[in-house]
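For reference, the structure is listed below as structure tokens.
The values are calculated or read from the model by the stated rules, or taken from the named source; none is laboratory data. Note that this is a predicted model, so its numbers are computed, not measured. Ideal geometry is used to build each Cβ from the backbone, glycine not excepted, and the neighbour counts take in all protein chains shown. Heads up: the accessible areas ignore ligands, DNA and RNA and are worked out on the full protein's heavy atoms, side chains in. Shrake-Rupley method; radii C 1.70, N 1.55, O 1.52, S 1.80 Å.
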Amino acid sequence: MLLIGIAVTEFGSQLFVALHVGADPFMILVQGISRQTGFSYGQSSTLLMLICLAIIFFVDRRRIYAGTVFCIFCLGPLVDFYAFLFSQIIPQQRSLWLTALLVATGCIIVSIGMGISVRSEAGACSNDLIPVIAHEKFPALQLRWCRMLFDGLCIFGGFFLGGTLGIGTVIALTLYGPGLQFFLPVAGKIAAWLHLPSSLLDEM
């Protein structure tokens, strides 16, 4: 489930980048770091994941599993692969309705992927865990708001470093949090169907 979740999430995330309507929140920060350092998107993503992992280690290290560390090193090559794939298959000249459809599809795909990763019990990507941990520390804040706050911080930092904002960024900021909260129970049902351990997030 973890591997599927990572693959699905990054598929949707890189779809945003390929559409040139503004990257999703985390990828804006990745873009900013890439442009400041000269690293590829994959290398910049790995660096950011390591930073997120360090934050989790000091805040709630019980959330760190082998899969959390594994995500850091498999995510970079996956990002670069999807970036190359979409550069080859996404038409540069396309209608507005097709772009809007692909943006909405990207949002749904990312939300599903995040839900699957968190529910996998193998340790989700460190950047996806931070909003979940924030929700656990501050239960009065719904998961959707924690995710939106995290995404907002990524956008602010990424824009400052030179990341590309656009209408897709605004859509992602608006939909990722609610989408994660909506699809998390769905991912829980998938976990139950696969006879995986019940999640710590069953109450969400």
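Side notes on the structure shown:
- Assessment of region 112-122 against the conditions (part of a helix (DSSP H, G or I), in contact with a Ser or Thr (Cβ under 7 Å, 6 or more places away or on another chain) and not small (Gly, Ala, Ser)) yields at least one matching residue.
- Of all the numbered requirements in (1) open to solvent by 70 Å² or more (accessible area, probe 1.4 Å); (2) in contact with a Gly (Cβ under 9 Å, 6 or more places away or on another chain); (3) hydrophobic (A, V, I, L, M, F, W, C); (4) at pLDDT below 85, residue 193 misses one, and that requirement is (2).
- Subset of region 20-51 [open to solvent by less than 10 Å² (accessible area, probe 1.4 Å), under 25 Å from residue 65 (Cβ atoms) and of a type outside the set (A, V, I, L, M)]: 24, 25, 42, 44, 45
- Within region 13-58, the residues that satisfy the criterion of being of a type in the set (Gly, Ala, Ser), closer than 19 Å to residue 73 by Cα and part of a helix (DSSP H, G or I) are 13, 34, 42, 44, 45, 54.
- Of all residues in region 163-189 being surrounded by fewer than 18 Cβ atoms within 10 Å (Cβ to Cβ) and among the β-branched types (Val, Ile, Thr), the one that is modelled with the lowest pLDDT: 186
- Residue within region 125-138 that is buried (at least 20 other Cβ atoms within 10 Å of the Cβ), more than 21 Å from residue 20 (Cβ to Cβ) and of a type in the set (Asp, Glu) present: yes
- Residue within region 83-105 that is over 22 Å from residue 43 (Cα atoms), touching a residue at least 60 places away in the same chain (Cβ under 8 Å), open to solvent by less than 70 Å² (accessible area, probe 1.4 Å) and outside any helix (DSSP H, G or I) present: yes
- Residues of region 1-40 satisfying the condition of being more than 11 Å from residue 164 (Cβ to Cβ), in contact (Cβ under 8 Å) with a residue 60 or more places away in the chain and aromatic (Phe, Trp, Tyr): 11, 26
- Qualifying residue in region 12-19 (condition: in contact with a Leu (Cβ under 8 Å, 6 or more places away or on another chain) and either open to solvent by 60 Å² or more (accessible area, probe 1.4 Å) or aromatic (Phe, Trp, Tyr) (or both)): no
- Which listed residue, of 70, 58, 84, is hydrophobic (A, V, I, L, M, F, W, C), over 21 Å from residue 154 (Cα atoms) and modelled with pLDDT of 85 or more: 84
- Condition check for residue 136: under 26 Å from residue 56 (Cα atoms), modelled with pLDDT under 85 and among the charged types (D, E, K, R): no
- The single residue among 150, 160 that is open to solvent by 50 Å² or more (accessible area, probe 1.4 Å) and either over 23 Å from residue 100 (Cα atoms) or modelled with pLDDT of 90 or more (or both) turns out to be 160.
- Subset of region 52-72 that is within 17 Å of residue 120 (Cβ to Cβ) and open to solvent by 70 Å² or more (accessible area, probe 1.4 Å) - its residue that is nearest to the chain's Cα centre (by Cα): 70
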